[in-house]
Amino acid sequence: MTAGVTAAHPMTTGMKPISAFKRITLKIGSALLVDPATGLKSAWLAAMAADIAMLRRAGADVLVVSSGAIALGRTVLELGRGPLRLEQSQAAAAAGQILLARAWDEALSAHALKTGQVLLTLGDTEERRRYLNARATIGTLLKLGAVPIINENDTVATSEIRYGDNDRLAARVATMMGGDLLILLSDIDGLYAAPPASDPDARHIPFVNAITPEIEAMAGGAASIYSRGGMRTKIDAGKIATLAGTAMLIANGKADGPVSAVMNGARATFFAPAEKPERAYKTWIAGHLEPQGRLTLDEGAVAALLSGKSLLPAGVRKVEGRFERGDTVAILDSSGREIARGLAAYDSGDAETIAGHRTQDIPKLIGYAARSAMVHRDDLVVSLAKPDIPA
Ligand code: GLU
């Protein structure tokens with residue numbers, strides 16, 4: 001058997017059913033939503049909305065990464081079907097995104113679901129301050145019961161600093177939000193042992209437990225003409241997702257209600273996650289960043305932190321270093337020993353002002369009400385084993 005592959009269908013062999021996942025990101029390709037001749041495929045969208053409502057009833061948070069702005073916009077602006085110049089596709093995105101967001105809102109409101117539009121650029125997911133901000137906004141939408149409708153901000157993204165494909169954007173969003181499942185809906189029902197365009201008899205691969213070089217080759221190796229777009233970006237998305245602990249499913253979205261179709265046994269490829277999402281995010285906090293500042297705590301705060309609580313300003317005795325909101329700070333006990341690292345919810349100036357004060361006094365002290373914690377427990381890794389930081 002090929003490395004990284006098993007034969008049995010994941011949905012019928014003890015693999016968690018889709019309804020058991022808690023935070024599901026759905027990536028929807030343009031071709032599913034938009035017919036180049038007639039525009040938006042309303043019946044398909046209505047069935048998709050019913051699938052989303054079904055997932056929500058099963059208890060999952062649902063995030064939608066929807067393509068289709070450019071495809072819709074070029075129809076509306078009558079740009080024809082030929083290749084577009086950059087400024088034309090950006091204009092198409094501007095015109096199409098309005099319609100796209102409205103279409104999603106209308107389709108989901110039929111199921112009493114609220115929506116919120118989020119347009120992201122590459123920097124919003126890669127640069128940690130903006131990452132933290134995007135994460136907080138999307139998290140709040142979810143908490144408030146809304147379905148975030150996400151797309152790349154194509155109207156401002158320039159070629160050097162854009163994703164360009166929503167497969168990888170969706171993978172970043174899914175991992176950023178600690179999602180446990182990413183579903184890529186496209187015009188193909190999963191991965192084949194060779195690109196079907198070159199080998200129509202190629203074997204379908206139902207389950208991938210690790211993205212090995214062999215799996216990558218199936219998507220079309222770097223030297224192949226199939227390497228750009230299509231399955232290649234889906235495998236790249238799979239690497240981003242699975243390494244951060246998010247499972248991924250590639251399914252054919254063409255039929256109405258594609259998620260229920262997979263739940264009823266339609267063919268798909270399931271990529272198993274490598275580890276738990278939270279660990280991946282916390283590994284990122286703990287391992288990859290140099291602390292910009294240091295917070296020294298009193299004993300009560302140390303005890304609270306060790307028992308899994310957030311760090312409140314009241315327990316902070318000393319703030320050192322210059323840092324911005326979202327920077328990494330080392331958290332020390334009163335003897336100067338590092339006990340944790342986390343992402344600061346306030347910059348160093350505001351942190352100094354509110355240190356030692358109660359949460360309810362924050363607005364009075366700094367003029368605005370922001371986060372109640374100085375470092376939220378979701379953004380915190382307790383690491384007693386870390387060596388002391390020299391003074
Ligand atoms: N962001 C693009 C759009 O909405 C789509 C990118 C993609 O299809 O991957 O038109």
When we measure straight from the Cα of LYS254, which lysines land under 23 angstrom away, once same-chain ones fewer than 8 places off are left out?
LYS27, LYS41, LYS234
For the range 252-262, what does the Karplus curve 6.51 cos²θ - 1.76 cosθ + 1.60, with θ = phi - 60°, yield as ³J(HN,Hα) per residue in whole Hz, taken in order and with x for Gly and Pro?
6, x, 5, 6, 5, x, x, 6, 5, 4, 5
Under 5 Å between amide hydrogens, which residues at least 5 positions from LEU40 or on another chain qualify, with H placed 1.01 Å from N in the peptide plane?
ASP35
Too-long pairs where the Cα-Cα distance tops 32 Å, listed order kept, from LYS16/LYS309; LYS16/LYS114; LYS22/LYS364:
LYS22/LYS364
Using a 1.4 angstrom probe, figure out how much accessible area the chain has per residue, in square angstrom, rounded to the nearest whole.
44 Å²
Would you grab the residues whose amide H sits under 5 Å from the one on ASP347? Only those 5+ places off in sequence or on another chain, please, with H modelled 1.01 Å from N.
ARG325
Relative contact order [Cα under 8 Å, 6+ residues apart], the chain, whole percent
15 percent
Sorted by chain and then number, the residues having a modelled amide H within less than 5 Å of the amide H of LEU191, at least 5 places away or on another chain, are ILE205, THR269
With every protein chain in place, the accessible area of ARG172 for a 1.4 Å probe, in Å² rounded to the nearest 10, comes to 80 Å²
To the nearest 10 Å², what's MET218's accessible area with a 1.4 Å probe?
20 Å²
In debye, nearest 20: dipole of the range 130-169 around its Cα centre with unit charges on the Cβ of K, R (+) and D, E (-)?
300 debye
Considering only DSSP beta bridges whose two residues both sit in the chain, what percent are antiparallel, to the nearest 5?
45 percent
Carbon and sulfur atoms: what percent of the 1.4 Å accessible area of the chain do they account for?
53 percent
Given the options ASN133, PRO83, ALA37, identify the residue whose Cα lies farthest towards the positive end of the charge dipole of the chain (+1 on Cβ of Lys, Arg; -1 on Cβ of Asp, Glu).
ASN133
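The values are calculated or read from the model by the stated rules, or taken from the named source; none is laboratory data. Just so it is clear, the structure is predicted and the values come from calculations on it, not from any experiment. Every residue, glycine as well, gets a Cβ built from its backbone with ideal geometry; the counts of neighbours run over all protein chains shown. These area figures cover heavy atoms from the full protein model, side chains too; ligands, DNA and RNA do not enter into them. Shrake-Rupley method; radii C 1.70, N 1.55, O 1.52, S 1.80 Å.
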